[in-house]
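Read through the structure below, which is laid out as structure tokens, and then see the notes.
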Amino acid sequence: MKFTAFAAVSALAITSASAAFAGPEAEVLHYWTSGGEAKSVAVLQQEFAAKGGTWTDMPVAGGGGDAAMTALRARVLSGNAPTAVQLKGPAIQEWYEEGVLADISSVAEASGWAAVLPESIANHMKCEGSWCAAPVNVHRVDWIWANAELLAANGIEMPTTWDEFNAAAEKLAAAGITPLAHGGQAWQDATVFEAVVLGVGGAEFFQQALVDLDTDALTSDTMVQAFDQMRTLRGYVDGNFSGRDWNLATAMVMNGEAAFQIMGDWAKGEFLAAGKVPGEDFLCASTPGDGFLYNVDSFAMFDVAGADKKAGQDLLAELIVGQNFQKVFNLNKGSIPARVDVALDEFDSCAHLSAADMTSSSEGGTLLPSYAHGMALRGAQAGAITDVVTAHFNSDMSSAEAVQMLADAVANSY
Ligand code: BGC
């Protein structure tokens, strides 16, 4: 009797489960909405669909992801988390601490992620030893992009020091050309700032100031010099920069309306999506100074109910770290694969430079996490720094005032 009842119940459970399981499903929150970004995320959508997955797109426009993170918080607080979220750096661990992330260790182990990901990247994907995120790429932040024709026409080489950059900018300005394409958004100011801090202070200084948040470094003369260079750069930006999206700034370089942009290599995704050729139409070089600021995009899965969604999370995680996806996605995105075993033959010269510099920086101890792109610091500390950087850039605040404000803001952010 007992046995029969149990059998009947489990038969029922099996029937209803199979009737309910319609296949892998995922609602994906991301902020890849520019031309190059949309082309890149479409690769994941296609691979997911090819494996029978149903993708519900939740794009939240806004470079750098600030708006997406606000949307995410609202969703989680209302008890309706998306299945998969474009999330990176210490924010992954911050969400884990809130107890809302799914464990994807079974996929990571079955797919052998530990053997194909550099340890530095793998560490960002772990929460107390278990895998809680899947990496898609390595973006480099400290790049200068240039319009090749404008530089050639004005007899300018890609600058290798900030003095050279400033001299080139003065020459361009005298010729009536906007030297620097920039969008007046806090995260874009922060992007330029961290490249300047690395260039002016060097890798060790960057580590002390923007990773360890050492007060002496934050208030040092070197930091004053970094703010001086920010003030100089402000003078090279056109009058309409306020609120401009980063990809519109990239378009200015593409169209010859401005000569340079200081931006991560997602900008290259825009050039490529527009059919522009590196070395011919546009040039890339690392910003002056040694070192490499890395920014690894990744996806974290949120704890959601339902076999379809759980299957969707597993499938997404597996595809994201898959060899083919890592190649095709990154060819579009401007970044390089996170996996070490993806051949770079089809990648362009900027990607080869990025890969070579990443290896040499890693060996030389100058491979550093980007603060501006959420790889180095927790949200509160990164936000405190960015507020000061943008307040300085958009006012006539002196560099001395800025460093004081910086140290205070960091001290009050804990
Ligand atoms: C992300 C990139 C993205 C860029 C602009 C960065 O923080 O890592 O994937 O393309 O912001 O939105």
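Each reported figure results from applying straightforward, stated rules to the coordinates on display, with no laboratory input. Bear in mind the structure is a predicted one, so any value in this text is a computation, not a measurement. With ideal geometry, Cβ positions are generated from the backbone for all residues, glycine too; neighbour counts draw on all protein chains shown.
Amide H neighbours of Ala285 under 5 Å, at least 5 residues apart or on other chains, H built in the peptide plane: list them.
Residues meeting the criterion, in which the H sits 1.01 Å from N, are Ile144.
Any chance you could list the semi-axes, whole Å, largest first, of the equivalent ellipsoid that the Cα gyration tensor gives for the range 15-172, using √(5λ)?
Semi-axes from the Cα gyration tensor: 39, 19, 17 Å.
How big is the Cα convex hull of the chain in projection, averaged over all directions, in nm²?
Convex hull of Cα atoms, orientation-averaged projection: 21.7 nm².
When the expected Rg is taken as 2.2 N^0.38 Å, what fraction or multiple of it is the alpha-carbon Rg of the range 84-146?
1.24
Checking the cross-link filter: which lysines have an alpha carbon closer than 23 Å to that of Lys268, excluding same-chain neighbours under 8 positions apart?
Counting by Cα, and skipping residues close in sequence, Lys268 has these lysines nearby: Lys39, Lys88, Lys276, Lys327, Lys333.
Calculate the spin-label point distance for Arg73 paired with Tyr414, positioning each point 7 Å from the Cα along the beta-carbon direction, and give it in nanometres.
With each label placed 7 Å out from Cα toward Cβ, I get 2.2 nm.
In cubic angstrom, how much convex hull volume per residue do the alpha carbon atoms of the range 205-310 span?
Details: hull volume 20.7 nm³, N = 106.
Value for the range 205-310: 196 Å³ per residue.
Which residue fluctuates most in the GNM of the chain (Cα springs below 10 Å): Val277, Val197, Val28?
Val277
Amide H of Thr83 versus every other amide H placed in the peptide plane: which residues, excluding those fewer than 5 positions away on the same chain, fall under 5 Å?
Sorted by chain and number, the residues that satisfy this are Glu27.
Give me the lysines in straight-line cross-link reach of Lys309: C-alpha distance below 19 Å, same-chain residues under 8 apart excluded.
Lys51
Ala274 to Ala61: FRET efficiency via 1/(1 + (r/R0)^6), r the Cβ-Cβ distance, R0 22 Å, to the nearest 0.05?
FRET efficiency, Ala274 to Ala61: 0.70.
Modelled label-to-label distance, Asp290 and Ser360, 7 Å Cα→beta-carbon offset: nm?
Spacing of the two 7 Å Cα→Cβ label points: 1.0 nm.
Please report the base-10 log of the normalised intensity I(q)/I(0) for the range 213-265, using a Debye sum with one equal scatterer per alpha carbon and no solvent, at each q in 0.14, 0.17, 0.23, 0.27 (1/Å).
Here the Debye-derived log intensity ratios amount to -0.52, -0.68, -0.90, -1.05.
Give me the angle, in degrees from 0 to 90, between the Cα long axis of helix 35-50 and the longest principal axis of the Cα atoms of the chain, rounded to the nearest 10.
20
So what's the back-of-envelope 222 nm ellipticity for the chain, counting only DSSP H runs of four-plus at -39500 (n - 2.57) apiece and dividing by all residues, rounded to 500?
-15500 deg cm²/dmol
Compute the Kirkwood hydrodynamic radius of the range 310-395, taking the inverse of the mean of 1/r over all pairs of distinct Cα atoms, and give it in Å to one decimal.
15.7
Which cross-chain or sequence-distant (5 or more) residues have an amide H under 5 Å from the amide H of Ala102, H modelled 1.01 Å from N in plane?
Excluding prolines and chain starts, which carry no amide H, the hits are Met301, Phe302, Asp303.
Quick check: pseudo-label points 7 Å beyond the Cα along Cα→Cβ at Asp216 and Glu204, how many nm apart are they?
1.1
So what's the gap between the Cα centers of the range 107-183 and the range 273-309, to the nearest angstrom?
About 8 Å separates the Cα centre of the range 107-183 from the one of the range 273-309.
Helix 379-393 sits at what angle to the longest principal axis of the chain, using alpha carbons and giving 0 to 90 degrees rounded to 10?
Its long axis makes an angle of about 30 degrees.
Hey, what do the phi angles of the range 345-360 turn into as Karplus ³J(HN,Hα) couplings, whole Hz, using 6.51/-1.76/1.60 and θ = phi - 60°, x for Gly and Pro?
Along the range 345-360, the couplings run 3, 7, 7, 8, 5, 5, 5, 5, 4, 4, 5, 5, 5, 5, 5, 5 Hz.
Round to the nearest 0.05 the FRET efficiency obtained for Asp238 and Ala50 when R0 = 30 Å and r is the Cβ-Cβ distance.
0.10
Could you work out which residue, out of Thr359, Thr70, Thr232, moves most in a Gaussian network model of the chain, that is, has the largest mean-square fluctuation with Cα springs under 10 Å?
Thr70
On a 0 to 90° scale, report how tilted helix 399-411 is relative to the longest principal axis of the chain, with both axes built from alpha carbons and the result rounded to the nearest 10.
The angle comes out near 20 degrees.
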